[in-house]
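Notes for the one structure printed next.
Readers should treat all values here as calculations from the given coordinates under stated rules, not as data from a laboratory. Since this is a predicted model, take the numbers as computed values, not measurements. Cβ placement follows ideal geometry from the backbone for every residue including glycine, while neighbour counts extend to all protein chains displayed.
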Amino acid sequence: MFEIFKSYQFNQEKARAYGFVKNGEVWTNSCQILEGDFVMVLSITADNVRFQVFDQEMGDLYPQVHMESMTGSFVGNVREACLEILYQIRKACFDVQDFVCPQTKRIMAQIQEKYGNQLEYLWEKSPDTAVLRHEGNKKWYAVLMRIPWDKLEKGREGLVEAVNLKHDQVVDLLSQKGIYPAFHMNKRYWISVAFDDTLSDEMVLELIEKSWNLTSKK
C-alpha cells in the first residue's frame, strides 16, 4: 500500500538536514497530519521505512491505516495524508539508485532540474517501472522502464532503460533510429525511446518536453 521506496537509497546526510534523529541504526522523525488530529511517527533503517499513526485526542495508535481491509473516506484521508508525507521524505531524504544506462542518469537529472519531478515506483510487481507526472492533474508524461532489449528489438540481448512518451506524430517518429512503438502502452499516441545514447540528450529532452505539454491539460 505504501511501497514507494523501491529503487531509492536512503541518504543519511539529507535525512539529518530534514530533521531525522539517529538512534542506533534507526532514524526517526514525527509530524502532525490532518490539521494536527494525528501524529505520524517514522522510522527508517538502511533497508526499511516504517511508520505509525497516533490519534492525538485519544493518544491511541491508529492501526487501521495499514489494514487493507479497512475502507471508507476517513481512513482513506488518513492514508492520503501519510502518503503525501512519505513522498516528501522520499524527495528530501532519498537518492535514486544507479541506472543501467549512463544516459538515463543524465536525463533524470535534467528532468529533476527543469520540472521538479521525481520517479514514482507505483507497482510492487513491476519494481523497475516508474512514472513521472504533473503535480497538478497527476497525468503521466513519462514512464521509465528497465526491460529486456528484445522487447524493443527482436533478438537483441541485454537490458535497456527506455521511456514511454506521448507524441502527436508517432508514425513519423518511428522511422528514426532509437524510437520504437510504445511498450505496453497505446501505440497510436505513445512511443518508446531507448536510453542507449542513440538519440542525443537534447533530442530526448525535446521529446520529453513535447510529452509534458501534451499531457499538461486537465
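Pairwise inverse Cα distances across the stretch 8-95, averaged and inverted, put the Kirkwood hydrodynamic radius at 13.6 Å. Taken over the C-alpha atoms, the chain has Rg and Dmax values of 19.8, 64 angstrom.
Once divided by 2.2 N^0.38 Å, the Cα radius of gyration of the stretch 42-155 becomes 1.33.
Within straight-line reach of Lys139, meaning a Cα separation under 26 Å, sit the following lysines at least 8 residues removed in sequence or on another chain: Lys6, Lys91, Lys105, Lys114, Lys125, Lys151, Lys166, Lys187, Lys210, Lys217, Lys218.
When shorter helices are ignored and each DSSP H run of at least 4 residues is given -39500 (n - 2.57), the per-residue value for the chain at 222 nm works out to -8500 deg cm²/dmol.
Considering the convex hull of the alpha carbon atoms of the stretch 95-187, report its projected area averaged over all viewing directions, in nm², one decimal. Walk me through the numbers before you get to the answer.
Numbers: hull surface 28.1 nm².
Average projection, Cα convex hull of the stretch 95-187: 7.0 nm².
Ordering Trp140, Ser126, Met108 by Cα displacement along the dipole of the stretch 98-167 toward the positive end leaves Trp140 in first place; charges were set at the Cβ atoms of Lys, Arg (+1) and Asp, Glu (-1). With the highest mean first, a sort of the peptides 94-103, 184-193 on other beta-carbon atoms found within 10 angstrom per residue produces 184-193, 94-103.
How large is the charge dipole for the stretch 57-101, taken about the Cα centre, if only the Cβ atoms of Lys, Arg (+1) and Asp, Glu (-1) carry charge, to the nearest 20 debye?
On the way: 3 positive and 7 negative charges, 19 e Å.
About 100 debye.
Only one residue of Val160, Leu173, Ile33 has its Cα farthest out toward the positive end of the dipole of the chain, where Lys and Arg carry +1 and Asp and Glu -1 on Cβ, and that residue is Leu173. Assuming charge only on the beta carbon of Lys and Arg (+1) and of Asp and Glu (-1), the dipole of the chain about its Cα centre is about 580 debye to the nearest 20. Among Lys114, Lys125, Lys105, the largest mean-square fluctuation in a Gaussian network model of the chain, built with springs joining Cα atoms closer than 10 Å, belongs to Lys125.
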